[in-house]
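A short write-up of the structure that comes next.
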Amino acid sequence: MEELEFYLKKAKRVMHEVKRSVVGKDEAVCKILMAILARGHILIEDIPGVGKTTMAMAFAKTLGLDCNRIQLTPDVMPSDLTGFSMYNKAANRFEYKPGAVICNILIADEINRTSPKTQSALLEAMEEGRVTVDGQTIELPKPFIVMATQNPFGSIGTQKLPESQLDRFMMKLSLGYPTVEDEVAILKSKKNKARIASENILSPRELADMQEYVDDIYVDDKIYEYVARIAKATRNSDEIVEGMSPRGSISVIAMAKAEAFLRGHDYVLPSDIQYVLTDAVAHRIVADNGLRKGNITAETALKNVLERVEVPRIDMKRVV
């Protein structure tokens, strides 16, 4: 229990520091930290100007990790991400020149504005933690986290991410517009420039230790069954054309462990599964938007699935 309290105190300091740069987005800050603790990649989708990149950079600074940022314009090449081999005449050999992915946190700005070929260059890095260049395999630093931002599909110059790319992101979330009060605070901060997350709260070793602790959060067999039944229900739902993948189920469990940790628990409850489900799964499923079904969204379909799947009862005496 002392270990839990120690790590939880550190996590709260991280969130407090990030909130110095991002006003009024407390829930989003918490969810992004969950994904980082669960070793997942994050996709932030929203209109330009609501703080997506600011959020990503605040986390990179606060976690004290090596960070690269790349603006994914249409002319960005795959080699800009993965690196390339260049002939060194003096040494009479080809040498590897690192690309943007050689870092702990890659901020991939506007990922859906670049070409599908460049987007696919990230797949191996996100899934395997390595890249292959001219037959040479380069291991990426650990941890390696992609924090990508994208504008809503339909914005000028954007194209839809392929399902294989979306499935590699542990969670997708939207920041939304600020409230009037929060926007006033943002306007004032631009005047005095007081809110800048700059303190390194964690070292890479401390983050790795915290991730290992979250990995060991207890999950009852009934919770595993609950997630499996939810996954099956999405595959059999009339409102869903393409259901939840096994990778999606794995992400739900990992995110639920991080959610339980941030609530001060060393065990997962059904409520943790319910809380993270939409953010971890909505971008992985395809809802039936046919006219007969009406305006069905992935979020609505998942809500209906949750209502149909029986919630397990966990014997807290056995857990504790």
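What about ILE111, is it among the aliphatic types (A, V, I, L, M) and in contact with a Leu (Cβ under 6 Å, 6 or more places away or on another chain)?
So ILE111 passes the test.
Taking into account only those residues within the stretch 249-302 that are part of a helix (DSSP H, G or I) and of a type in the set (Asp, Glu), which is modelled with the lowest pLDDT?
GLU299
Scan GLU181, GLU225 and give me the residue that is assigned by TED's automatic domain parsing to the domain that holds LYS12, over 25 Å from ALA60 (Cα atoms) and in contact (Cβ under 8 Å) with a residue 60 or more places away in the chain.
Result: GLU181 is the single residue among GLU181, GLU225 that is assigned by TED's automatic domain parsing to the domain that holds LYS12, over 25 Å from ALA60 (Cα atoms) and in contact (Cβ under 8 Å) with a residue 60 or more places away in the chain.
Show the residue pairs meeting these rules: Cβ distance below 7 Å; 6+ apart or different chains; first residue within the stretch 109-122 and farther than 19 Å from PRO48 by Cβ; second residue buried (at least 21 other Cβ atoms within 10 Å of the Cβ) and of a type outside the set (A, V, I, L, M).
ALA121/THR82
So is PRO98 over 18 Å from the mean Cα position of the chain (by Cα), more than 27 Å from SER174 (Cβ to Cβ), surrounded by 19 or more Cβ atoms within 10 Å (Cβ to Cβ) and not polar (S, T, N, Q) or not?
Against the criterion (over 18 Å from the mean Cα position of the chain (by Cα), more than 27 Å from SER174 (Cβ to Cβ), surrounded by 19 or more Cβ atoms within 10 Å (Cβ to Cβ) and not polar (S, T, N, Q)), PRO98 does not qualify.
Okay, residues lined up against (1) in contact with an Asp or Glu (Cβ under 9 Å, 6 or more places away or on another chain); (2) crowded, with 24+ Cβ neighbours inside 10 Å:
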| residue | (1), (2) |
| --- | --- |
| GLU242 | yes, no |
| PRO246 | no, no |
| ILE250 | no, no |
| MET255 | yes, yes |
| ARG263 | yes, no |
| ASP266 | yes, no |
| PRO270 | no, no |
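Which of the residues spanning the stretch 128-145 are surrounded by fewer than 16 Cβ atoms within 10 Å (Cβ to Cβ), without any contact (Cβ under 8 Å) to a residue 60 or more places away in the chain and assigned to a loop (DSSP other than H, G, I, E, B)?
Correct list: GLY129, ASP134, GLY135.
Within the stretch 92-104, is there a residue that is free of Cβ contacts under 8 Å to residues at least 60 places away in the same chain and of a type in the set (Lys, Arg)?
Looking through the stretch 92-104, at least one residue is free of Cβ contacts under 8 Å to residues at least 60 places away in the same chain and of a type in the set (Lys, Arg).
The values are calculated or read from the model by the stated rules, or taken from the named source; none is laboratory data. This is a predicted model, so every value here is computed, not measured. So basically every Cβ, Gly included, is an ideal-geometry build from the backbone, and we count neighbours across all protein chains shown.
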